[in-house]
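What follows is one structure encoded as structure tokens, with my remarks underneath.
The values are calculated or read from the model by the stated rules, or taken from the named source; none is laboratory data. Note that this is a predicted model, so its numbers are computed, not measured. FYI the Cβ positions are ideal-geometry reconstructions off the backbone, even for glycines, and counts take in every protein chain you see. With ligands, DNA and RNA removed, areas are computed over all heavy atoms of the protein, side chains included. Shrake-Rupley method; radii C 1.70, N 1.55, O 1.52, S 1.80 Å.
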2 protein chains.
Amino acid sequence: MPKIVDHDQRRKELADAVLRVVARAGVNAVTVRSVAKEAGWSTGVLTHYYGGRAELLLGALRRAAAITQRRFEAARGADDELAQLLEGVLPLDERRLALNRIFLFFYAEAATDEAVRAEIAGYLANWRTDVAEAVERAHPALDAVAAAATLVALADAVSMHAIFDPAVMAQLRAASPVPGWLELITKEASIAG
Amino acid sequence: MPKIVDHDQRRKELADAVLRVVARAGVNAVTVRSVAKEAGWSTGVLTHYYGGRAELLLGALRRAAAITQRRFEAARGADDELAQLLEGVLPLDERRLALNRIFLFFYAEAATDEAVRAEIAGYLANWRTDVAEAVERAHPALDAVAAAATLVALADAVSMHAIFDPAVMAQLRAASPVPGWLELITKEASIAG
């Protein structure tokens, strides 16, 4: 019997290999050759699954988004759901560092490519919706949509600034800023409400 | 007498032309040819001042940073100094839209180029310092460094999300979020203080 190759599974494995390269050495280090080596495959087999570097990077973006979405779903209903949704994107470990680097790369692509822009806008809108629903469950007195926009903006910008500035990264890794953000948002409610 | 050409002045004029092209049509539209046309010069003269597209973009980044810095200095001591420092970077008009687009382009470059990363980190650190000093003047009871980090992150991320998402941009242009951010920060102080 011929060996059954799970095409989707292989694409996932290769996307994971891209993310490992990105975590270790940055987006610049991603090439067909480096990813093939990381995955332990030949470049010939790799190009059966991804046409080239651009497709590998797009595959890694979607893989990172899917992993994050699955973690968001797993956090649903947890006591610290909201904190998990925000800390889930901070570059606090290698996985999330890769996530941030790959998103940052596509943020720039989004500035010049309409299809990428729409895809990135969709991810951000989903994230805001998930956070808004978590805010609604945890703090029903709050304007959930406004609070979610603030929290998502904070998490996204602080992550990006940490990638640019080792001092910000050190600060971030020394102590999560998320409890402070939640306090900020909640204290407003306790006055306004 | 020979005509005296002010080299710095010409470089500024060309950088301004790049920013106009970026405001109108995005970073993708920047080429030696399009900028020469915008400035009303020949490409031959242009390349006497900038070696090519990459140099033009870097010149525009530095020009945008310098213009913003000058506006920050002009705002110093004004009643609404803090609001000016934050609204100064929101893409609320064509000038600031170009500023945001050019910074976003270099954010991505920063992810893969050490010199660019250091330059961007420097701009962000300066911005945080300026905002922290304004917070200190306006709200002495606050932790100025922490408040500045929050405010700068909010302004930067909301600007970026507005570039990706027309709905966020429409919201931003309908009403500045800055008064709400300052209320958020200040209300925390009125409880903590």
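Kindly sort B:ARG71, A:ARG11 by accessible area of their heavy atoms, largest first, with the probe set to 1.4 Å.
From most exposed to least exposed: B:ARG71, A:ARG11.
Rounded to the nearest 10 degrees, what's the angle between the helix B:7-25 long axis and the longest principal axis of chain B, both from Cα atoms, 0 to 90?
The angle comes out at about 70 degrees.
Do you know the relative contact order of region B:113-193, to the nearest whole percent, from alpha carbon pairs under 8 angstrom that are 6+ apart?
Computed value for region B:113-193: 25 percent relative contact order.
Compute the acute angle (0 to 90°) between the alpha-carbon long axis of helix B:53-75 and the principal axis of greatest extent of the alpha-carbon atoms of chain B; round to the nearest 10°.
The answer is roughly 40 degrees.
Keeping every protein chain in place, order A:HIS139, B:HIS161, A:HIS48 by accessible area at 1.4 Å, biggest value first, i.e. largest first.
Solvent-accessible surface, decreasing: A:HIS48, A:HIS139, B:HIS161.
Per DSSP H run of n ≥ 4, the term is -39500 (n - 2.57); total these for chain B, divide by its residue number, and report the mean residue ellipticity at 222 nm rounded to 500 deg cm²/dmol.
After summing the helix terms and dividing by residue count, I get -25500 deg cm²/dmol.
Quick check on chain A: what does the Kirkwood estimate of hydrodynamic radius come out to from the alpha carbon pairs, in Å?
Taking the inverse mean of 1/r over all distinct Cα pairs, chain A comes out at 18.0 Å.
How far apart are the A:LYS37 label points across copies, placing each 7 Å from Cα toward Cβ, in nm, shortest first?
4.3
If we sort B:59-70, A:20-31 on the protection proxy, mean other Cβ atoms within 10 Å, highest first, what's the order?
By packing density, highest mean first, the sequence is B:59-70, A:20-31.
Classify region B:38-91 as rounded, prolate or oblate, taking a ≥ b ≥ c as the square roots of the eigenvalues of its Cα gyration tensor: rounded when a/c is under 1.5, otherwise prolate if a/b is larger than b/c and oblate if not.
In terms of gyration-tensor shape, prolate.
Between A:TYR107, A:ALA64, A:ALA54, whose Cα lies farthest towards the positive end of the dipole of region A:54-112 when Lys and Arg beta carbons carry +1 and Asp and Glu beta carbons carry -1, centred on the Cα centre?
Comparing the listed Cα positions along the dipole, A:ALA54 ranks first.
Note down the accessible area of A:LEU58, probe 1.4 Å, to the nearest 10 Å².
Counting only protein heavy atoms, the figure is 50 Å².
Per 5 Å bin, what is the whole-percent P(r) computed from every C-alpha pair distance within region A:22-118?
The percentages, shortest bin first, are 3, 12, 19, 21, 18, 14, 8, 4, 1, 0.
Based on the Kirkwood radius over alpha-carbon pairs, what value in µm²/s does the Stokes-Einstein equation return for the translational diffusion coefficient of region B:82-193 at 37 °C and 0.692 mPa s?
Answer from the Stokes-Einstein relation: 222 µm²/s.
Going by Cα centres, region B:96-155 and region A:116-144 are how many Å apart?
The two parts, judged by their Cα centres, are 24 Å apart.
With a ≥ b ≥ c the root eigenvalues of the C-alpha gyration tensor of the protein assembly as shown, is it rounded (a/c under 1.5), prolate (a/b larger than b/c) or oblate?
It is oblate, given that a/c is not under 1.5 and a/b is not larger than b/c.
With solvent modelled as a 1.4 Å probe, how much accessible area in total do chains B and A shield from it at their shared surface, in Å² to the nearest 100?
The summed interface area works out to 3000 Å².
Using the Cα gyration tensor of region B:77-144, with a ≥ b ≥ c the square roots of its eigenvalues, what is the shape: rounded (a/c below 1.5), prolate (a/b larger than b/c) or oblate (neither)?
Oblate.
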